[in-house]
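The values are calculated or read from the model by the stated rules, or taken from the named source; none is laboratory data. Model, not experiment: these values are computed from the prediction. Note: ideal-geometry Cβ built from the backbone for every residue, glycine included; neighbour counts use all protein chains shown.
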Amino acid sequence: MKMNSAIVVFTRSGSRETKRFGFGQITDRRIAQFLVLRTLTCAQHCSDVADVIVIDETQQRGLTFGERLTTAVQDVRQMGYDRIVLIGSDTPGLTESDLRAAISSTCPIIGPSKDGGFYLFGFNQNEHHHLDGLSWQTDNVLAQLKSGLHTYTLLSYRRDLDDAIDAASTAKLGQLFFETVGEYLIETSAIESVLERKIDRLSLKDITSRGPPKIVFY
């Protein structure tokens with residue numbers, strides 16, 4: 001039975017991602033596309049217990065990263081979800097178990113990143129204010145989030161991919177991403193085709209009268 005919960009994937013489409021992993025422009029873009037695809041697939045596996053809402057750069061509003069993210073959370077709250085799990089798309093180690101634990105928890109739950117940030121934050125509807133005023137995209141944001149919470153649960157530390165150093169470290173660890181990414185690097189159009197199938201663009205849902213629709217699939 002599906003709970004009144006939402007997994008919110010706050011992301012940039014792979015073709016618009018500007019991160020550089022050190023493999024050249026074309027391969028870097030394909031890596032970004034793979035990361036988005038893998039995140040969406042992981043989230044979709046949890047669609048029996050939560051709706052999955054994808055908010056990419058075409059739906060985001062605000063001048064700064066923090067403004068865009070908090071506005072996205074506000075939009076999702078207006079849909080009436082009791083539980084929200086916020087994730088990005090640059091953590092190849094994210095698992096279905098991480099998402100299910102965050103959905104089923106009744107208290108804040110954090111997926112900490114090894115660079116001082118976090119790859120997941122699960123919270124109840126009335127706990128969204130803990131995201132306000134954080135120093136986004138710095139190595140202090142995880143500590144700031146934890147300091148504002150009376151109680152929380154930590155998931156496993158995972159590495160997100162922001163640059164060539166992260167990519168190289170992940171490769172050395174032999175994580176799933178670099179074990180499987182090769183087959184996705186063959187043809188960009190193949191990745192884009194899979195992405196289109198993963199996001200059913202016919203199931204767009206307006207969640208606010210002012211903003212653009214958000215992509216929702218079940």
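Inside the range 85-142, can you point out the residues that are in contact with a Lys or Arg (Cβ under 7 Å, 6 or more places away or on another chain) and of a type in the set (S, T, N, Q)? Hits for the range 85-142 are T91, S113, N124, Q125. The residues of the range 77-90 that are crowded, with 24+ Cβ neighbours inside 10 Å and either outside any loop (DSSP other than H, G, I, E, B) or of a type in the set (V, I, T) (or both), listed by number, are I84, V85, L86, I87. So in the range 103-139, with the set limited to residues that are touching a residue at least 40 places away in the same chain (Cβ under 8 Å) and in a strand (DSSP E or B), which one is farthest from L161 (Cα to Cα)? Checking each candidate, the answer is N124.
For the range 14-29, state whether one or more residues are modelled with pLDDT of 90 or more and either farther than 18 Å from R158 by Cα or surrounded by 15 or more Cβ atoms within 10 Å (Cβ to Cβ) (or both). No, the range 14-29 has no match at all. Checking each residue in the range 63-83 for being farther than 18 Å from F121 by Cβ and either without any contact (Cβ under 8 Å) to a residue 24 or more places away in the chain or of a type in the set (K, R) (or both) picks out only L63.
For the range 138-164, the candidate set comprises residues that are exposed (fewer than 15 other Cβ atoms within 10 Å of the Cβ) and of a type in the set (D, E); within that set, the residue that is nearest to L69 (Cα to Cα) is D139. For the structure I just gave you, tell me whether R100 is of a type outside the set (A, V, I, L, M, F, W, C), in a loop (DSSP other than H, G, I, E, B) and in contact (Cβ under 8 Å) with a residue 40 or more places away in the chain. In short, no.
Within the range 29-65, the set of residues being out of contact with any Gly (no Cβ under 8 Å at 6 or more places or on another chain), outside any loop (DSSP other than H, G, I, E, B) and not aromatic (F, W, Y) comprises I31, R38, L40, T41, C42, A43, Q44, D51, V52, I53, V54, I55.
A single member of S113, S135 is buried (at least 21 other Cβ atoms within 10 Å of the Cβ) and small (G, A, S), and it is S113.
Of all positions in the range 60-68, none carries a residue that is crowded, with 17+ Cβ neighbours inside 10 Å, in contact with a His (Cβ under 7 Å, 6 or more places away or on another chain), modelled with pLDDT of 90 or more and not acidic (D, E). Within the range 101-119, the only residue that satisfies the criterion of being within 16 Å of V76 (Cβ to Cβ) and either of a type in the set (D, E) or out of contact with any Ser or Thr (no Cβ under 8 Å at 6 or more places or on another chain) (or both) is A102.
Does S105 fit the bill of being within 18 Å of N4 (Cα to Cα), among the small types (G, A, S), surrounded by fewer than 21 Cβ atoms within 10 Å (Cβ to Cβ) and out of contact with any Pro (no Cβ under 6 Å at 6 or more places or on another chain)? Answer is yes for this residue.
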